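One structure is given here, and the rest of the page talks about it.
The values are calculated or read from the model by the stated rules, or taken from the named source; none is laboratory data. Note that the structure is a prediction, hence the values are computed from the model and not measured. Heads up, the Cβs are rebuilt from the backbone with ideal geometry, glycines too, and the neighbour counts pull from every protein chain shown. Note: accessible area is taken over every heavy atom of the protein model, side chains too, but ligands, DNA and RNA are not part of it. Shrake-Rupley method; radii C 1.70, N 1.55, O 1.52, S 1.80 Å.
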Amino acid sequence: MKAHMFFSATEKRAALKELTPMFQEHDSLWVRLGKARPLIEEYAARLNPADPKSVSIADCGCSGGTLLEQLKAAGFTNLHGVDFENFLRNKEVATFHRTDFNFEPLPFPDASLDMVVSIETVEHLENPMHFEREVARVLKPNGIFIFSMPNIFHIWNRIGFLRTGDMFRYHEHNDHFAVMPRGVFKKIFLRDFTLLETRFDIGELPYRFFGKFTYPANELFGRSICRILEKKPENRRV
């Protein structure tokens with residue numbers, strides 16, 4: 001079975017020898033292009049203007065730990081890595097927590113974290129609603145949740161869905177299956193959070209010679225979408 005066809009954390013844990021190189025070596029564009037760290041720094045400064053590098057941050061879906069390494073190098077001191085197994089190349093870069101995001105609670109007390117980051121992870125989850133509830137539980141009131149996933153609003157996804165019923169980053173040969181159209185996103189995430197802003201990583205049109213051109217990083221051409229959310233202070237789940 002190909003590595004990208006393992007779905008549940010149980011299946012992945014049974015295939016660690018095959019999966020470890022992929023998790024240690026692969027990083028999302030948000031991380032590789034250096035866009036995730038400045039975004040986190042920006043919102044850390046909003047959370048604690050006097051000492052932004054002390055905010056507590058959990059990277060959920062940390063894989064090999066590249067983002068955590070970037071944050072540690074930038075001076076952040078309260079870092080946590082969370083994933084279904086420990087793939088960190090540098091085991092000292094953060095405190096690691098082993099968790100299945102689909103069914104297990106996040107290993108933090110209620111209202112204990114300033115920020116949760118999850119880059120290109122939600123689309124892999126069997127149970128994104130459970131993950132959202134747990135993020136809301138562990139964040140402090142007005143805490144920040146930053147997460148990215150494939151941009152289903154991309155023009156090529158819209159055309160592809162009309163033609164075939166599939167989208168180019170959601171098909172039967174990968175493990176992307178949590179899809180967030182606008183209404184589903186609102187129902188799941190805006191019960192506990194306020195949407196502060198939306199950003200996109202790069203613009204692309206992955207079709208033949210059209211791929212040679214430059215496109216804006218917006219809703220119609222952005223490869224991935226990143227949403228920045230703030231936990232509602234009156235959150236009723238905590």
Review point. Is region 31-40 home to any residue that is of a type in the set (Gly, Ala, Ser), touching a residue at least 24 places away in the same chain (Cβ under 8 Å), surrounded by fewer than 20 Cβ atoms within 10 Å (Cβ to Cβ) and within 22 Å of Leu229 (Cα to Cα)?
Key: yes
Exercise for review: Any residue in region 153-165 that's on the phi < 0 side of the Ramachandran plot and open to solvent by less than 90 Å² (accessible area, probe 1.4 Å): show its pairings with residues that are of a type in the set (Asp, Glu) and at pLDDT 95 or above at Cβ separation under 6 Å, as long as the two are six or more apart or on different chains.
Suggested key: Phe153/Glu219
Review point. Given (1) closer than 25 Å to Pro206 by Cβ; (2) touching a Lys or Arg at 6+ places or on another chain (Cβ under 7 Å); (3) not in a strand (DSSP E or B), where does Ile152 come up short, assuming only one miss?
Key: (2)
Practice item. Kindly check whether there is at least one residue in region 122-142 that is over 28 Å from Glu11 (Cβ atoms), among the hydrophobic types (A, V, I, L, M, F, W, C) and either at pLDDT below 95 or touching a Lys or Arg at 6+ places or on another chain (Cβ under 6 Å) (or both). Key: yes
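Got at least one residue in region 123-141 being polar (S, T, N, Q), over 17 Å from the mean Cα position of the chain (by Cα) and open to solvent by less than 60 Å² (accessible area, probe 1.4 Å)?
Step one: filter region 123-141 for residues polar (S, T, N, Q), giving 127.
With the extra rule that they be over 17 Å from the mean Cα position of the chain (by Cα), the set shrinks to none.
Within region 123-141 (the criterion being polar (S, T, N, Q), over 17 Å from the mean Cα position of the chain (by Cα) and open to solvent by less than 60 Å² (accessible area, probe 1.4 Å)), the answer is no, since none of the residues qualifies.
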Practice item. Residue by residue through region 109-118, note down the ones that are open to solvent by 20 Å² or more (accessible area, probe 1.4 Å) and either of a type in the set (A, V, I, L, M) or assigned to a loop (DSSP other than H, G, I, E, B) (or both). Key: Pro109, Asp110, Ala111, Ser112
Point to revise | Checking Asn174 against (1) over 17 Å from Leu113 (Cβ atoms); (2) in a helix (DSSP H, G or I); (3) of a type outside the set (A, V, I, L, M), the condition it does not meet | key: (2)
Practice item. Test Phe161 against the criterion of being in contact with a strand residue (DSSP E or B) (Cβ under 6 Å, 6 or more places away or on another chain) and not hydroxyl-bearing (Ser, Thr, Tyr), and give yes or no. Key: yes
Exercise for review: Would you mind telling me which numbered condition in (1) in contact (Cβ under 8 Å) with a residue 60 or more places away in the chain; (2) open to solvent by 20 Å² or more (accessible area, probe 1.4 Å) Leu229 fails?
Suggested key: (2)
Practice item. Determine whether Pro49 is open to solvent by 40 Å² or more (accessible area, probe 1.4 Å), assigned to a loop (DSSP other than H, G, I, E, B) and not aliphatic (A, V, I, L, M). Key: yes
Review point. From the residues in region 170-190 that are under 22 Å from Phe145 (Cβ atoms) and modelled with pLDDT under 90, which one is surrounded by the most Cβ atoms within 10 Å (Cβ to Cβ)?
Key: His176
